[in-house]
1. If the chain between Val61 and Asp191 were fully stretched, how many nm would it gain, using 0.36 nm times the residue separation less the Cα-Cα distance?
2. Need one number: nm distance between label points at Lys340 and Arg249, each 7 Å from Cα along Cα→Cβ, rounded to one decimal.
3. Which entries of Lys256/Lys353; Lys6/Lys344; Lys6/Lys332; Lys340/Lys362; Lys256/Lys340; Lys119/Lys353 show an alpha-carbon separation above 22 angstrom in the structure shown?
4. Given a 1.4 Å probe and the protein chains all in place, what does the accessible area of Thr314 round to, in Å² to the nearest 10?
5. Tell me whether the stretch 94-162 comes out rounded, prolate or oblate; compute the Cα gyration tensor, take square roots of the eigenvalues as a ≥ b ≥ c, and use a/c under 1.5 as the rounded threshold.
6. Got a number for the accessible area of Ile151? Probe 1.4 Å, square angstrom, nearest 10.
7. Taking 25 Å as R0, compute the FRET efficiency from the Cβ-Cβ separation of Ala22 and Lys119 and round it to 0.05.
8. Could you state how much accessible area Lys181 has, in square angstrom rounded to the nearest 10, with a 1.4 Å probe and all protein chains kept in place?
Amino acid sequence: MYTISKTFSVPAPISSLALGHASHLFAGSDDGSLRVYDLSTDKVVKAIRNLNGEVSSIICVKRPGSELRDAWVAHGSMISKFKLDSPKMIQTLDDALGTLSVGETEDDLVNQLSLNGNKSHLAFGLDSGIVGIIELASGSVTKLKQKHDNICSSVQFIGDRAKDLVSAGYDTSVRHIDFTKDELLSETKMDATLAEGGISLSPPFIIATAISPTGVLAVGTADGRLCIFFGGEKHPSKKKSKKWGGLNRDEMLAIKVAEGPIVALQSALLTPPLSRTTRAFSQPNVVAVNAQSGAVVTYEPRILTISTMLGVITQYELIYDAQANDGRAILKQLWQGNVKSIEKVNTMLVDEKRIVVGGLRKDGKGVVEVWTWGQPEQQGRQLDSLSGNESAEQE
């Protein structure tokens, strides 16, 4: 099981997280500050402050010769690039390598950034519903005509399809776009009616999305629904199709998994952590037999981790047999836990070793919890300043 190994406290709520080098955690706050923690020492090693609003998204980019990643940082209606191996411990907006004002107005905030597989383009989504693209070589900004009718909350590039982008928003729609042609390739909307029966009391605003390296798309909504789209999944035995079919509702699983909003999720193609202790998952590949067709299906387990706004973290294995007559999708819960010191979760990231959750405490300050597989719960450490001074914090 996962247990908390570290807790970091900061003056303002945590709004974004990213991992650079394996031991470097980037944490952005809604007061326009960003801290880089070295998880091997629990120290703040670099920081940025006085940015133009909440740090809503961070993309780390490797640069030859440096362990510290460069960072694209969305703050307010702007996007800036920082070189963090600068001699300066604390940088400001004046130290950015470049800054782009991408919002239609100062109040048109950037919600998420995404880097394509070729690392040639950066996508962003705005409160106005606009989806935009930055060509990194030239710095040119293109705002697509394919926009949302409400807040664009999420943008994701699709695996090795460097031209394909998925956007989602508060208009309850998910859009598949070829950004090079500004062309809408497919679209779907979340239903107000629940599959289990009845009408949702909250609109199914899309708050978060995630896409696996193989093209499985997960969508989390404000009314606690989790929608998994398997139609665009890439299989080793299948020839790559010209068009990603990821929004095909015939290959979708939709289920209500929470009473409140799903605010963060992350998908990965990994061996489940439970394989270390549970015999049923003792091998990286799982073999299943389709009872109807007799076909043997071998697949790598797909792992999805989600968090609700109130801090219920759940890890699922996604099982889908496309060879069944009507398709067969199973959402299998592997692990569940509750945050300890976070009153409201804003963001989460997951890698092979840990789950990192960020948000705010009851007193309004920011907090990060680092959950590690198989380690005993330890007393967290609180870092309250940009210089990294520490004090013990009881959970």
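The values are calculated or read from the model by the stated rules, or taken from the named source; none is laboratory data. This structure is a prediction, so every number in the text was calculated from the model and none was measured. Reconstructed Cβ throughout: ideal geometry from the backbone, glycine too, with neighbour counts over all protein chains shown. When the accessible area is computed, the model is the full protein with side chains, heavy atoms only, and any ligands, DNA or RNA have been set aside. Shrake-Rupley method; radii C 1.70, N 1.55, O 1.52, S 1.80 Å.
1. Working: separation 130, 0.36 × 130 = 46.80 nm, distance 3.74 nm.
Contour length minus the Cα-Cα distance gives 43.1 nm.
2. About 4.4 nm, to one decimal.
3. On the way: Lys256/Lys353 28 Å; Lys6/Lys344 18 Å; Lys6/Lys332 28 Å; Lys340/Lys362 11 Å; Lys256/Lys340 24 Å; Lys119/Lys353 25 Å.
Long pairs (Cα-Cα over 22 Å): Lys256/Lys353; Lys6/Lys332; Lys256/Lys340; Lys119/Lys353.
4. 10 Å²
5. Judged from the Cα gyration tensor, the stretch 94-162 comes out oblate (a/c at least 1.5, b/c at or above a/b).
6. For Ile151, solvent-accessible area is about 40 Å².
7. Values: r = 19 Å, r/R0 = 0.76.
That gives a FRET efficiency of 0.85.
8. 140 Å²
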